[in-house]
1. Looking only at region 756-769, which residues are in contact (Cβ under 8 Å) with a residue 24 or more places away in the chain and open to solvent by 10 Å² or more (accessible area, probe 1.4 Å)?
2. Any idea which residue in region 680-738 is farthest from Ile350 (Cα to Cα), counting only those that are in contact (Cβ under 8 Å) with a residue 60 or more places away in the chain and among the β-branched types (Val, Ile, Thr)?
3. Would you confirm, using the coordinates I've provided, whether Ile316 is among the hydrophobic types (A, V, I, L, M, F, W, C) and open to solvent by less than 60 Å² (accessible area, probe 1.4 Å)?
4. Let me confirm something: among Phe39, Phe9, Phe15, which residue is closer than 30 Å to Arg323 by Cα, at pLDDT below 85 and touching a Phe, Trp or Tyr at 6+ places or on another chain (Cβ under 9 Å)?
5. For Phe238, all conditions in the list (1) closer than 30 Å to Tyr119 by Cβ; (2) of a type outside the set (S, T, N, Q); (3) open to solvent by less than 100 Å² (accessible area, probe 1.4 Å); (4) modelled with pLDDT of 90 or more hold save one; what is the number of the exception?
6. Name the residues in region 17-35 that are in a loop (DSSP other than H, G, I, E, B) and either among the aromatic types (Phe, Trp, Tyr) or crowded, with 18+ Cβ neighbours inside 10 Å (or both), would you?
7. Can you tell me which of Gly694, Gly792 is of a type in the set (Gly, Ala, Ser), in contact with a Gly (Cβ under 6 Å, 6 or more places away or on another chain) and in a loop (DSSP other than H, G, I, E, B)?
8. Quickly run through region 49-102 and pick out the residues that are among the polar types (S, T, N, Q) and either buried (at least 17 other Cβ atoms within 10 Å of the Cβ) or more than 15 Å from Ile258 (Cα to Cα) (or both).
Amino acid sequence: MLLGNGPVFGSMKDFIHDTCGKHWYSSLLFFNNFYPKEFDDECISWVWYLANDTQFFVISPIFFYSFYLMPLFGFLVVLAFIITSVVLNFWIVHHWNIVYYTFGSTQEDYSNKIYTKPYTRILPYLAGCLIAMLLNILQKVKKSNEIYKNNININDKDNNDNKDKDKDKDNNDKIEKEMDTDSENEDNQKLTEKTQLIESENENYRKQRDWKIQIIFDYIIPISIFVVSFVLILVMVFVPYDNYKHMGTKWTVGESAIYIGFSKLIWGLSVGGIVFVYSYYEAPKCLIKKFLSLDFWTPLAKLTYNAYLVHPIIMIVVSQSTRILYNYAAMPIFYSTTVYVILSYFFSMIVYFLVERPFMHFEREIITLIKGIKSDATTCQNKYEQEIFGGTEEGLEMVFLATGKDIPTDLGDYDLCNMLPDAHHCVITFGFNISGYVIPLTWGFCLPKECNEEYAPYALEVYISLFYSYASVADYPIDVYCSDTFKKNYSAGTIITLIIIVLFGSFVIIGTIFKYFNISPNSQNQLKFKQNQQNFLNIQDNEIQKETIPKWKTILFKFFSFYSLQINWKKLIEKHPDPSFKHLNGIRALSMFWIIFGHTIYFPAGVGYNNEAYVFGDNGQITKWPFQFILGAEFAVDTFFFLSGLLMAHFAIEKLQHNFNIGCFYFHRFWRLLPSLGFIILFFTNITMLLGNGPVFGSMKDFIHDTCGKHWYSSLLFFNNFYPKEFDDECMGWVWYLANDTQFFVISPIFFYSFYLMPLFGFLVVLVFIITSVVLNFWIVHHWNIVYYTFGSTKDNYSNKIYIKPYTRILPYLAGCLIAMLLNILQKVKKSNEIYKNNININDKDNNDNKDKDNDKDNNDNIEKEIDTDSENEDNQKLTEKTQLIESENENYRKQRDWKIQIIFDYIIPISIFVVSFVLILVMVFVPYDNYKHMGTKWTVGESAIYIGFSKFIWGLSVGGIVFVYSYYEAPKCLIKKFLSLDFWTPLAKLTYNAYLIHPIILIIVSYSSRILYNYAAMPIFYSTTVYIILSYFFSMIVYFLVERPFMHFEREIITFVMKPRK
């Protein structure tokens, strides 16, 4: 009832209450086809099918046990049930006078007495039993014939050998008795010729007869069965057409009884005929069989049960939510059916992952527990050897199909192994010793369940000794991980996390409903107040009638409004408050895309690439220049550091000039970050292991336990870049960035307060921090002999000593502070110039007014003294003409000079800054290429120190140069600025924080759930990156609505409450 809305949707509430509210247990216990009595009173009435099918299953041992004891007896038992069901159908139809017409007056009797009852619907089930019994007998006969033929061939061979011996003996006898038996031999020869002639004719007849029989049995019979079955299917569908054509008035009760009594059985036998043909006969060239056997159908078939349960719910929600009546037409029905099929299978897949498949795993574990399987080394070896030499299909699949063989890494076929009975999948890392040369291998083995992690190495020795006799298992640490050792369980932390998710989700639903229907205490009170105004004339009386809203009710409604999707969606797409920084949205989003791109290649490496040499070999992709784009994703983090420094300094300096509160400054920072971070840590720690499945996925459990299980607090409190000491031991190691950024934020008042007191002093303070950081980078690199190479021996030192430490990574943040300070000064100068120009314009206007007045006065004086001053005026006129000529020349010179200055300042300088910045960005990305080209052997420690010491700062200044150009200069026609300032980037920029937290979790789940090793190739990486970006932002939007945005509303309320003046 929460999912729909419409003029008639609410009527479903009573229907659901009267069915599932009262009779849910009958549907759950599979007797809803008997109770309640009326079909329309059943809870989710379409599950009458499950009740019937389960009841058939309960009595099924009667059929297969009787067939097992004696096949003929089994057929007779099934036949007896068929006759009984047909008779019951006839009796019920005549007893209740039922005419087969879906829209007729006897529809309810048909539904309640025939349609849902097991004794009338069992006929197709019995037809299926008959087909299964027939297939069993014929396949046994077929197998016996094959054995018989093999024996005949063997006997023929023996007979031929005996005949040869007899012929040799006969020849010797003939030589001895040749003279005495001439006449007898002549007679025998004639008789033999006649006999051979007769045998030849008989052989030709037999061959002709066998060829005809083969044609009949292999082609005519199966094709005839298929055609007859298909025709009967069409007949069963279209026979009632004559009755429907006459609106149910054509058929009598007797005709209805015949159709109802036999149609289900004939349908079952017809479908069974087609199944029989495709199961018993190979028919390799049959297109219909090929189509029905496509792998495409496999997952759909597995989802059919859930789709059957789910699809009516979808149709009810959609159809009952309609605002208009439906129009019956072919194409709309086709479109609707397609959509319903897609939705049904989509949601059935969700149910499959949430419920069905996990419970199938539980079933296996329960059965295993009941059996009480015990294993030791001897039983493991014996069982594995039995699978190898037993020759069973399961054993061959276990040893040859489901076990890896490719060097150096092959995970085998995980899914096939799990499908085999009493088998499980283990990944074993071991040394493959060939004549003293040891190759480290990682292979996936399908082993008997007796071979657990402790005893799997014994099975490994058996496998190597049998199939690789020229090699042995080296004296090398053997690492074994068996997938079934990982059990998905619901710990207390998992349950608490799920409760929190459900709670937040409920808040969102309630808040959205309240907003959609405009439910609030104010709206209710205003309605009552308007009613009072209509009833009373005196305003004072109305004020008396106005109800006071309880404070708790106001708080409650405000609380839920913070979770409203409508309100929070508007906040998500709300434009940037400062137009001069709007282009930063595009920079933030694209930087996030770059990070996801880099991690798309990094995380699968934990599982492995099947073309590892192609990627990391001596002449692999890491030695090619395009790979620098992947490695350069490290700089995307520095872009975020730069943006943090820029925005922090810019807004802090502005607030210092008005109203700045240091407490609110820090409170806003921590309140902004902690809710989402805490929620994601909780999710990663407790929920991640429920979402994946694969040959190595379970190994993540120990990793999560050893990191987030022990050190979650260091990540939550932003000191995980100092403790734990090792980068790989951090909880959600990628949040080292947040620790650094928060530590920069904590010390940031040093920068903007010093700048506020004296700009030059602020610049000097930042410069001191820059020099200190560069010196520390140089010292650390030389002290630990670090060479800048991601895959080198000093990788761990680089990660732990430089990559995650604030004193080495602060440089782009300081560059952001410098750009913010420079922008502040230049914008002030720009503003002062504008004020100065405005003042000049005002003064020019006043001077012009005064000149006009003086001119009027001078004109009057000139009229009075015109005659006396003719000569003087002539001299003044000449002087004025000369003065105007000089001023005109000066004005032209000034205009020419101002135009040149404008070109320099408005075009040449910003374009130069942009070009230099962009070139420096490319240089920082591609400078290490020379070292990577030589596999990290080209650079010395000194060269690495120079690059590590200056690259981050140069990157920050380069990005800052572009930001400066787009922030200080308007550049209205710049396409890049327009692109970066598109409104499209606004919500993506706001979701960047959550996307950064979430995307590695998605990558871990998908990467470690892989059944095969990854293949490094351009297009798959592009597709994967696109998918990961979409998924990351989708789930970050969910976290935004569940956690981040509501807590930002709470922050506003808390600050308002704290800052409110007290009486």
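The values are calculated or read from the model by the stated rules, or taken from the named source; none is laboratory data. Given the structure is predicted, the values throughout are model-derived calculations rather than measurements. For neighbour counting, all protein chains shown are included, and Cβ atoms are generated from backbone atoms with ideal geometry for every residue, glycine included. The protein model used for the area step is the full one, side chains on, heavy atoms only, and it has no ligands, DNA or RNA in it. Shrake-Rupley method; radii C 1.70, N 1.55, O 1.52, S 1.80 Å.
1. Those that are in contact (Cβ under 8 Å) with a residue 24 or more places away in the chain and open to solvent by 10 Å² or more (accessible area, probe 1.4 Å): Tyr756, Pro759, Phe763, Phe769.
2. Among residues in region 680-738 that are in contact (Cβ under 8 Å) with a residue 60 or more places away in the chain and among the β-branched types (Val, Ile, Thr), the one farthest from Ile350 (Cα to Cα) is Val735.
3. Considered against the rule, which asks whether it is among the hydrophobic types (A, V, I, L, M, F, W, C) and open to solvent by less than 60 Å² (accessible area, probe 1.4 Å), Ile316 comes out as yes.
4. After applying the criteria, what remains is Phe39.
5. Here Phe238 clears every test but (3).
6. Within region 17-35, Phe30, Phe31, Asn32, Asn33, Phe34, Tyr35 qualify.
7. Going through Gly694, Gly792 in turn, just one is of a type in the set (Gly, Ala, Ser), in contact with a Gly (Cβ under 6 Å, 6 or more places away or on another chain) and in a loop (DSSP other than H, G, I, E, B): Gly792.
8. Listed by number, the residues that qualify are Asn52, Thr54, Gln55, Ser60, Ser66, Ser85, Asn89, Thr102.
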